[in-house]
1. Could you work out how far helix 15-27 tilts from the main Cα principal axis of the chain, as a 0 to 90 degree angle to the nearest 10?
2. Of the listed peptides 40-47, 99-106, what is their order by residue-averaged count of other C-beta atoms within 10 Å, with the highest listed first?
3. Val80's amide H: which non-local residues (gap 5+, or another chain) put their own amide H closer than 5 Å, with H modeled 1.01 Å from N in plane and none for Pro or chain starts?
4. On C-alpha positions alone, give me the angle between the axis of helix 115-140 and the longest principal axis of the chain, in degrees, nearest 10.
5. Give the span of the chain's Cα atoms along each principal axis, as three whole-Å numbers ordered largest to smallest.
Amino acid sequence: MTSKILFVCIHNSARSQMAEAFVTHHCGDRFEASSAGLEPGTLNPMVVAAMRERGIDISRNTTKSVSEILAANRRFDYVVTVCDEASAERCPVFPGNAQRLHWGFPDPSALQGSPETRLQGTRVIRDQIESRITEWCQRACAP
């Protein structure tokens, strides 16, 4: 049986998309991952490029809203906010007995500078998210 995990951030354009993709990549046999945003935006092209460097193509992903997930009455075992603490507090309560976790990461869309500088910053955030997901998958999948 697979556990269901939902990653939530502000726009579902970067952090939650990366977290969803990494769970699917690293432990998709044990977890069904989804992501959504409080105010869905547009997929961040820097994130698409950074994930492609890891061999993961998210270019066809669409952004989804938390309200869509709630309206569909989907149930999750885990709901993980990956935005800042204040934004995480805006996350609604989901039906069921989901364990709520908060893993705050910087927002790639807030990065400033040249495209190369922003891509480098996105890589750092990507690596932080992958490290956290890998560690969590190892613990969650341990016998």
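What follows is calculated from the coordinates using simple rules that are stated; it is not laboratory data. Quantities reported herein were computed from a predicted structural model and do not represent experimental measurements. Every residue, glycine among them, receives a Cβ derived from its backbone with ideal geometry; neighbour counts consider all protein chains shown.
1. Helix 15-27 sits roughly 70 degrees off the main axis of the chain.
2. 40-47, 99-106
3. For Val80, the qualifying residues are Leu6, Phe7, Val8, Leu101.
4. 30 degrees
5. Sorted largest first, the three principal extents are 44, 33, 27 Å.
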